[in-house]
Each structure stands twice: as C-alpha cells, then as structure tokens.
Amino acid sequence: MIQDRIREGLLRTAGLNEAQIAEALTEEQDGKTTLDEILVNRKLMTENRCLEFFGSFLGMEMRESLEGVSVPDAFIQNVPVQFARTHNLIALETDGKVTKVATYRPLDVQPMDDLATMMEQEVEPILVPRTEITNLINRAYRHKADGVDEALVDIEEQDIVGLAESIEESEDLLDVANKAPIIRLVNMLLFQALKLRASDIHLQPYAERLQVRMRIDGVLYDTESIPKRAQEAIVSRVKVMGKMDIAERRLPQDGRASIRIGDGDVDVRISTVPVQSGERIVFRILDKTTKIYALDQIGLSENNLKSINRYINYSHGIIFVTGPTGSGKTTTLYACLDKINAPSLNILTIEDPVEYNLDGISQVQVNTKKGLTFSAGLRSFLRQDPDVMMVGEVRDSETADIAIRAALTGHLVFSTVHTNDSASTVTRMLDIGLEPYLVSSSILMVIAQRLVRTICPHCKEVKKPNDKTLFHLEDLRLTPDQFPEGKVALGAGCDECFNSGFSGRTAIYEVMPIDGVIQEQIVNKATASEIKRGALERGLHTLRMDGIDKVLTGHTSPEEVLRVTQLDVQ
C-alpha cells in the first residue's frame, strides 16, 4: 500500500518518528491539504528536504535553481498569469510534445491536468523551490499587458462612491473580477511592481497628471501616467488600504497593508505627504516570498567570506553591518543568522520592520507607540536566555550601550549602523558617548557594504572602451590593458532591462576585523582616517577595491562603482 511505503520512507530517510507521521497522515485524510504541504507547514521538514524526498519517492526530477531559464512563449500566451501565480506553475522548456513544468507541490495533480488542457500537450512536473518559481513567473510575465491600461480606460469620477467599504485583512491582488475600476487599478499597479521586482512605487501628482514611478534595482523609472481626474479616487483607495484617515489631506500619514498574491503574502508600507498638486504617495514593498540568500550568494569574495564565517561563530562580541538605507544590510544579517541557525542556539531579533520570516528564530517587531523600542526590546531579550541577538539598528547611545554590554556578557550581537565605511563605525560609537574601553573590547568586526547593479546578461557586450568609459576607468585607476584583450564588459540596453544595461544587483564589501592594533587605536581615540590608513597597510580591502574586482570580472560597470563609492583614504 502506498501509505505504508510513504510511512517507511519518512521513517528511514526523513528522520521523523511514528507519532509525527501518523498525525500528518491523519490530517491528509481530511482531503483539505496534501501530505507534502502538511509536512512543510508543521515544520517537520524543510521545503527543499520535502521536495528531495518526494522527488526520489515518485521518481521526479528536482532543480534547486531556475537561474537563466527562458520560459517558452507558448506558455505565456496560453496560460493566464493568475493561474500561474495561484498554482505556482511555470514552464521551463518544451519539445513541442511534452512541456516540463516547475512545481513545488508534488502531490497536487489537479492544476497539472488543467495546465495540460490549456497547453494542449502533455506536461511533466519538475520539483523546484517555491521562491525560484515565483521569481521566474515575475520575470516571464514582466512584459505582458496586465490590465493597468484596461483599468485606466474604465475609470470614471463616480467610482469614488463605495471606496471606504472595509476591505479584507489580506486582499488577493489577482482577484480582479467584480472590483470597481479604481480598486482594480491600484491592485494592478501593485502587481506590476512585483513583476518588475520594484522595491517602491511612487505616485507623484503634477498639475495635469498623476505619474507612477517605480524603483527597480535602486533606480527610479517613470512607468504609467494616470489622468488627473482619477487622482482623488486613487488617493482615497490607498488610504482605505492603509487604514488611514480619508478626510485628512493636510498632514502626512503612514499606513500599512498586507496583500496576497495567489498564496504568497506581501507587506506594503504606505506613506502620504501633501504637496503642491495633491498628495504624494509612496509604497514600500516587502515581498515575504523572496528567498533568503546564503552567505555565498551575496557577492562576498573568498577572503571576505572566510573572515565572516570565522567571526559569526564566536560565542560573544558584536558585529556591525554598515551602509546607507537600501544597501542590503538586512540581507547580509539574515544570511549570517541563517548560517549559524541551529536547534542548540536561542536566536532573537528586534527589527523595524520584520522583513522576512526565518524558521527557528524569534523575531520581534518594533512598536514605538506602545513603547517597544530597540532599546526596550533588547533589554527584555537579556531575560530570555539568548545566545545570539540581532538589533535592527543602533540609533542612540542607550541602544548602543545595552548592545555592547550584552556582547561583553557572553552574547553574540548583530546590528546595523548608518556610517560611510568600516572605520567611521568605530568612531561613531565613541561620538555617541560610549567608553573607548567598552568599544574596543566588544566589537569583533565591521562590514561596510553598498549595492551595485549587475550587467544585464541579455545585452552584455565586451567591447573596446569609448572616451566616457576610459574616463571612468581612469577615475578607478584602471587601464584597458588590465582587461582581457583590452575589452570591457558593458550592457547595451534591451527590453529586459528597460534599456538601462543592468539587471539585478550584487553587493561590494569592506570587511574590517577589529584586531589588536585597532583596539589600541580605539582606546587612544584615533580618528577614522587614522584607523583606516593603518588597516589598509595591514591588507584591508576597501569598498572601491572590491568594486574594481567586480568590474575586472565583468559583473558590473566602472560607472556603477564610481556611483556608490568614495575615493579611498590615501
């Protein structure tokens, strides 16, 4: 009997006990959820482990990454994006008779049958982690019309009526049927932003129009232009979503909403500010379905990776990650926590906001109105018997003091600060009033970072540098003869990358361990430039140097490195 074989497989290869398996199989008999979903939801197996098990059990192929996969046109034309999103299915390749389709639900066969009917050919399931499928769906449907223009046509001024009706706690963006045109328009703008991997949407009012702008890979692009007559209705709809006061138009307001796309949740922070031509709105999008990157996937060089791996396994001390807003600090911290996460460690985080959910880690959301600040949360953590703590940001002397004292009393602490480079982080701690001896004995390492856009793989060209590129190379103290055949990799610009020549981002790093020399300099209150100069002599690899390495390997352009780095200390 198949159930007995599954039970035996789970006992032997998945390490589950009889009671856990019996409970899961009993729940499966209800018919509401499949066994693979139950095992993952109950945290009895990780998603990857579950896919490996059922892949081997059912004889299905498994792939861990869909990087570089090009979705067949026939799939995009015949399968609505709502279907692909709701069931998390996407075609990987076809030979005209059989289409290989990625899924993360090995036991859910009904959507596969529906898909075979739509495609009018046989489909073969390939098991792939859910985040990989979501990212590929976003990329595949990026250029397909998705209803924004259609919703614009339907807008009439009387649609404002009924806007203030209460909405569901978590609204599904794909459920566009039977929605008023304004609601449909706002939903489709959010959906379009997710497809384009945008981190923010700006609705900027002008005298004659409402301009939609999206920040993609750190750069703002103009997208839709909405008629002025729809502006008030859109602003009201957004305020309803964010649970703000619709009648208040003279003061800035903040709100938040949780929206659902298929079965994935996305958090949206909403901010409104009154300006000359109306109210300006910015959405900050936090896609919970985005995968958590491992340390070896975030652009660290071999030496930096080795250094970080050593220090994150210390039992006590503090590790700072520094850089401006939007420089990928949180991603680096999550990668560090994910690396050391183990059942033997009690890991607590206090964040503003909690951006991604980490299994096995207790995450606390800052709530200033209720008095739950970084310092208050950190103080309460010390009574929770922690091994590792992460503080979203050290903003003041009180938080810094508690974090550093926690590091000195046997806890490993991770945090972020806003400074320009690694050396100035140390002096910032002294500036906000901490004692030099506390700082020198508690800080283990400072990681400074910036994000640079990577060259689009679809339009990447290796060519002789023109005058502009030569000028940028000169600024970086590079010459063409340092590149293979004197040719530099650049993006020409194509539809895939909005003609920018860039697609996606990677980080450049400056990793500075606090050695004995720096500890002595801290006690003697040395300046940031003195600390950095000494570290450079002992082999510190600066942000700009790391950027230059990525230019030489063809990952990014000279102009991009110059955009995000300062001149190194001489």
Relative contact order of the stretch 366-486, defined on C-alpha pairs under 8 angstrom at six or more residues apart (%): 17 percent
Contour minus Cα-Cα distance for Glu302 and Glu530 (0.36 nm per residue): 79.4 nm
Calculated log10 I(q)/I(0) by the Debye sum over Cα atoms at q = 0.06, 0.09, 0.13 Å⁻¹ (choose from [x] -0.41, -0.82, -1.44; [y] -0.49, -0.88, -1.33; [z] -0.36, -0.85, -1.50), label: [z]
For the chain, cysteines whose Cβ has no other cysteine Cβ within reach (under 4.7 Å): Cys50, Cys336
Per-pair calculated FRET efficiency, R0 = 22 Å: Ser344 and Leu408 via Cβ, rounded to 0.05: 0.50
Spacing of the two label points (7 Å from each Cα toward its C-beta) at Ala19 and Thr46, in nm: 2.5 nm
Label-to-label distance, nm, for residues given as Arg284 and His458 (7 Å Cα→Cβ offset): 3.0 nm
Share, in percent, of DSSP beta bridges within the stretch 289-431 that are antiparallel, nearest 5: 5 percent
Label-point gap, in nm, between Lys369 and Glu61 - each point 7 angstrom along Cα→Cβ: 5.2 nm
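At a Förster radius of 25 Å, what calculated FRET efficiency corresponds to the Cβ-Cβ distance of Ser277 and Arg563, to the nearest 0.05? Kindly include the intermediate steps, with their values, before the conclusion.
On the way: r = 30 Å, r/R0 = 1.22.
The formula returns an efficiency of 0.25 here.
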Stretch gain in nm, segment Gln110-Ala492, where the contour uses 0.36 nm per residue and the Cα spacing is subtracted: 133.2 nm
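Provide the percentage of antiparallel DSSP beta bridges, counting only those with both residues in the chain; round to the nearest 5. Let's see the in-between values first.
On the way: 56 of 89 bridges.
Expressed as a percentage, antiparallel bridges in the chain total about 65.
Restricting to the stretch 347-417, what percent of DSSP beta bridges are antiparallel, rounded to 5? Please list the in-between numbers first.
On the way: 1 of 13 bridges.
The antiparallel fraction comes to roughly 10 percent.
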Helical segments meeting 18 Å axial Cα length and Kyte-Doolittle -0.5 threshold in the chain (DSSP H): 181-195
14 Å beta-carbon shell around Gly96, net charge (K/R +1, D/E -1): -4
Span from the the stretch 60-118 Cα centroid across to the the stretch 317-359 one, whole angstrom: 34 Å
Segment Glu122-Val517, extension gain: residue separation times 0.36 nm, minus the distance between their alpha carbons: 135.5 nm
Sequence-distant lysines (8 or more away, or on other chains) whose Cα lies within less than 24 Å of Lys329: Lys195, Lys288, Lys291, Lys306, Lys339, Lys532, Lys550
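Taking the Cβ of Pro252 as the centre, find all other residues whose Cβ is under 15 Å away and add up their charges (Lys, Arg: +1; Asp, Glu: -1).
It works out to a net charge of +3.
Read-outs: derived from the displayed coordinates by stated rules, not from any lab. From a predicted model like this one, the values you see are computed outputs, not experimental measurements. Cβ sites come from the backbone with ideal geometry, for glycine too, and all protein chains shown count toward neighbours.
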